[in-house]
Amino acid sequence: MFRFTRFLIFPSTVLLAVFTVANAQTPQRDNRPRTASVSGRVTIAGKPAVNSKVVITEVNYRPVSGDQGFHIDLPGSGAGEDYVALTDAEGRYRATNLPEGKYEAHVSLGGCVSEKPSPNGSLVESFSLNEGASRENVDFALVRGGVITGRVTDADGRPLIARTVSLQVVDEGGRKQDARNIQNIQNLMTAFEMFQTDDRGVYRIFGLRAGRYVVSAGGDSNMALVTGTGAEFARVWHLDATDENQAKVLEVAAGGEVTGVDIRLGVTKKTYEASGRVVDDETGKPIEGASVIYTKSGDAGEILGFSLPVATPKTDEQGNFRFSGLTPGQYRLSLADFTSFLTGGGSGYYSDGTRFEIQSADVAGVEIRAKRGATISGVAVIEDADQSAKSRLSQTMIMAYSMPSSPNEVYENAFSALTPVISRIGSDGGFTLKGVRPGKVMIQAFSMSGAALSITRIERGGVEMMNEIMVTEREEISGVRIVFGKGSCVIRGQVNVTGGGALKDWRMSVTASSEKEGLAASFGRSGGSAEVDDKGRFVIEGLLPGEYQLTLMVTSRGDTNSPPRPGDGVPAPVTQKALVTKGQEAQVTMTLDLSKKNREEK
């Protein structure tokens with residue numbers, strides 16, 4: 001069992017979620033005093049929620065060896081422990097014997113929403129506990145969520161199975177935005193299942209806050225790209241509207257159910273195939289077993305984001321690949337060796353990718369020229385850390401990112417330029433990265449266990465490098481030494497609000513990033529982030545010594561589950577520098593001035 005806590009976000013707006021399973025780790029002994037407690041009450045429509053499960057999770061927002069990307073928390077890995085309490089006949093719960101730390105409490109009632117609109121619409125409350133503290137009144141006032149259900153059929157009334165349904169919330173000004181909030185759903189897979197039809201063509205979207213919604217199906221969408229269904233039909237809104245402005249607005253009451261929200265998709269659009277080969281750029285010979293990925297461009301030319309690769313077929317012995325079910329539009333193809341995430345090392349090839357357009361016919365003869373990349377090999381070591389940290393080195397992977405030479409390259413070749421080459425670290429500390437694109441290469445690492453290991457320096461031939469290694473075409477680079485250390489520095493802060501309003505009106509987070517310049521800063525090796533609790537406190541742990549820039553950001557308003565939008569009176573980010581030294585805590589105070597708003601036009 002694992003809990004997925006972050007996403008790896010490429011700077012190209014492409015969102016890639018990678019799921020994998022790590023071997024269970026032997027829990028490390030926790031000798032902290034367990035003298036704190038938390039208690040509260042859970043109610044549904046004002047009545048006690050009897051025998052409801054409240055899960056209290058310790059949250060450690062520690063940087064994972066230089067990632068600002070993602071990590072996976074495994075129970076017993078030191079990344080946080082779960083404590084479970086059941087409510088009594090009055091809906092009250094109490095969890096005791098908790099160590100000092102930051103916590104999140106959540107209720108396992110997926111069909112409910114918070115009684116009042118708030119950042120806690122996901123049924124989560126954040127708080128901190130000092131040693132010996134007794135936190136009371138961490139309450140959950142809930143109401144039954146609303147339901148929208150209906151059926152999706154084709155033009156002849158036949159049910160359409162596993163079809164994606166899109167839901168938008170309509171605000172008072174008539175503006176529509178995606179209402180799919182995966183945070184409100186305990187199980188990530190349920191988030192996908194709930195927005196898909198079953199074998200009868202029926203869908204049922206539950207746990208909705210009272211409000212106004214529109215429902216649609218068909219057409220190109222991010223979710224359709226994930227599932228590979230829907231695009232062969234033109235998008236249709238309930239009730240039989242092909243124009244979004246003509247969609248019927250549904251009024252959903254708390255605990256109410258709106259039925260018969262049926263969508264009849266029209267005549268199937270003709271879909272097409274694209275086929276081609278992957279060949280060695282130098283010899284022209286076909287490459288077998290290469291992974292090919294496509295993305296479809298949006299109306300403005302941007303690459304659509306998605307949660308999983310649209311398709312990754314392996315080429316056959318003649319280097320052939322084929323995609324079907326494609327609708328007219330602009331496409332980009334590239335190599336993306338996602339299997340290296342598990343096997344390590346990479347295929348040894350990279351590609352600049354290619355484009356094609358589907359108009360009204362199949363496309364054949366698309367060719368991807370694969371180039372032999374460089375190889376970087378060496379050894380990873382850990383110093384100045386205890387034995388428990390050293391044992392986690394085998395759970396760490398090395399990634400090599402070829403930095404784009406210009407911002408345009410990020411968008412022109414998002415996957416081909418920014419997909420990392422990944423290698424496991426062997427039992428002897430050795431690693432090998434194959435197929436590295438020439439140019440300025442950033443070295444990162446991430447841990448499968450959430451362990452707070454950080455890269456302290458990188459050496460090549462005994463000479464310490466800065467943030468990158470310059471790599472030439474097909475270069476064989478050996479003797480690279482990556483040194484890890486356990487970050488021991490802490491930034492402990494307090495956020496104060498002035499200019500009217502209060503902490504409860506906003507949900508905030510603070511990010512600490514090491515002082516670097518340019519695009520390379522987003523691939524920095526040290527940093528971290530933390531949520532600001534209801535008392536304005538935050539703690540960022542596991543940092544390396546050095547100077548950091550702190551950025552206080554408002555992540556959502558207090559009266560909505562959605563992030564604030566520019567121009568809506570959003571408080572501007574607050575920045576501040578902090579210097580931390582080895583083994584020490586830096587105490588900082590940050591002020592959010594609500595009289596200074598971000599008035600940027602949307």
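Here GLY435 does not qualify as at pLDDT 85 or above, more than 22 Å from the chain's Cα centre (by Cα), more than 30 Å from LYS296 (Cβ to Cβ) and not assigned by TED's automatic domain parsing to the domain that holds TYR294. All conditions but one from (1) under 23 Å from ALA162 (Cα atoms); (2) at pLDDT below 95; (3) assigned to a loop (DSSP other than H, G, I, E, B) apply to GLU273; the one that does not is (3).
Considering only the range 242-261, state which residues are in contact (Cβ under 8 Å) with a residue 60 or more places away in the chain and under 32 Å from the mean Cα position of the chain (by Cα).
Restricting attention to the range 242-261, the residues satisfying the condition of being in contact (Cβ under 8 Å) with a residue 60 or more places away in the chain are 244, 249-250, 252-261.
Within the range 242-261, GLU244, VAL249, LEU250, VAL252, ALA253, ALA254, GLY255, GLY256, GLU257, VAL258, VAL261 meet the criteria.
Here THR43 passes the criteria (1) buried (at least 21 other Cβ atoms within 10 Å of the Cβ); (2) of a type outside the set (Gly, Ala, Ser); (3) at pLDDT 90 or above except the one numbered (1). Would a scan of the range 333-343 turn up a residue that is buried (at least 19 other Cβ atoms within 10 Å of the Cβ), of a type in the set (Gly, Ala, Ser) and at pLDDT 85 or above? Looking through the range 333-343, none of the residues is buried (at least 19 other Cβ atoms within 10 Å of the Cβ), of a type in the set (Gly, Ala, Ser) and at pLDDT 85 or above. Listed by position, the strands (runs of 3 or more DSSP E) inside the range 93-152 whose residues that are modelled with pLDDT under 90 and crowded, with 16+ Cβ neighbours inside 10 Å number at least 3 are 101-107, 112-114, 124-129.
THR312: among the β-branched types (Val, Ile, Thr), under 21 Å from ASP281 (Cα atoms) and either assigned by TED's automatic domain parsing to the domain that holds ARG424 or modelled with pLDDT under 70 (or both), yes or no? For THR312, the condition - among the β-branched types (Val, Ile, Thr), under 21 Å from ASP281 (Cα atoms) and either assigned by TED's automatic domain parsing to the domain that holds ARG424 or modelled with pLDDT under 70 (or both) - is met. Applying a threshold of 7 Å to beta carbon distances and a minimum spacing of six or more residues, or different chains, the list of pairs starting in the range 94-114 at a residue that is outside the structural domain of LEU208 (by TED's automatic domain parsing) and ending at one that is part of a loop (DSSP other than H, G, I, E, B) and of a type in the set (Val, Ile, Thr) reads LYS102/VAL59; TYR103/VAL59; GLU104/VAL59; ALA105/VAL138; GLY110/ILE185. Taking ALA370, is it out of contact with any Pro (no Cβ under 8 Å at 6 or more places or on another chain), outside any helix (DSSP H, G or I) and at pLDDT 90 or above? In short, yes. In the range 474-489, how many residues are modelled with pLDDT under 90 and either more than 29 Å from the chain's Cα centre (by Cα) or in a strand (DSSP E or B) (or both)? So the answer is 5. All of (1) surrounded by fewer than 19 Cβ atoms within 10 Å (Cβ to Cβ); (2) modelled with pLDDT under 90; (3) not aliphatic (A, V, I, L, M) hold for ARG204 with one exception: (2). The lone criterion from (1) modelled with pLDDT of 50 or more; (2) within 27 Å of the chain's Cα centre (by Cα); (3) among the hydroxyl-bearing types (Ser, Thr, Tyr) left unmet by SER65 is number (1). Among all positions in the range 449-466, there is at least one residue which is over 22 Å from LYS434 (Cβ atoms), modelled with pLDDT under 80, part of a strand (DSSP E or B) and of a type in the set (A, V, I, L, M, F, W, C).
The values are calculated or read from the model by the stated rules, or taken from the named source; none is laboratory data. Note that the coordinates shown come from a computational prediction; the quantities given were computed from them, not determined experimentally. All Cβ positions, even for glycine, are placed from backbone atoms using ideal geometry, and neighbour counts span all protein chains on display.
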